[in-house]
1. Among the aspartates and glutamates, which fall within straight-line cross-link reach of LYS143, defined as a Cα-Cα distance under 16 Å, with same-chain neighbours fewer than 8 residues apart omitted?
2. Report the FRET efficiency, 1/(1 + (r/R0)^6), for LYS112 and LEU73, where r is their Cβ-Cβ distance and R0 is 35 Å, rounded to 0.05.
3. Quick one: if you stick a label point 7 Å off each Cα along the C-beta vector at TYR22 and GLU124, how many nm between them?
4. Among ILE64, LEU80, TYR96, whose Cα sits farthest toward the positive end of the charge dipole of the range 56-97 (+1 at Cβ of Lys/Arg, -1 at Cβ of Asp/Glu, about the Cα centre)?
Amino acid sequence: MECAFKPDKKYCQYFNIEHLSYSDYVAGGVCEVTDAAIGRYLREGYRKYKGLDFKTEVKQVKSIIKGVWNQELKFDNQKLISIMTDFPIKLELAQYPLPSDANFRMDVLMWKLRDFDQAQQWKENLEIFQRQDRKLREAIGPKKKKK
């Protein structure tokens, strides 16, 4: 498989794909290649490998890949995945969330309800509580050193 992020126009022309200048654009194809191309890849390794020489190393293009990797990918113009319609799981909020879950802090809830004065008051109260808690922990003993 030969695939490039933000490919240039020449690369897109080989696969007959429209050129887009998105930074997240992906284009390429699944190709049948010569033994020389495989040997070059094995010699150079993936870090030094610069890609296929399309004129001499590609026998046949089997499939075309294109899309924006964080939005939608298509193989041979058939949508493989789309972030707007394909949802792998449905998130469910916990019935009794842990107090440490920041989404359920009162200041965050008030902010979501657009009661900014109450949100600020809750945030200040939380900061005061955290400062007092830190002072109590420091009074009990020194901090443990990280290894």
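Bear in mind that the values in this text are calculations on the coordinates, not laboratory data. Since we're looking at a predicted model, the values are computed, not measured. Note that we place each Cβ from the backbone using ideal geometry, even for glycine, and neighbour counts take in every protein chain shown.
1. Straight-line reach from LYS143, under 16 Å: ASP133.
2. Numbers: r = 33 Å, r/R0 = 0.95.
About 0.55, to the nearest 0.05.
3. 4.6
4. Among ILE64, LEU80, TYR96, the one farthest towards the positive end of the dipole of the range 56-97 is ILE64.
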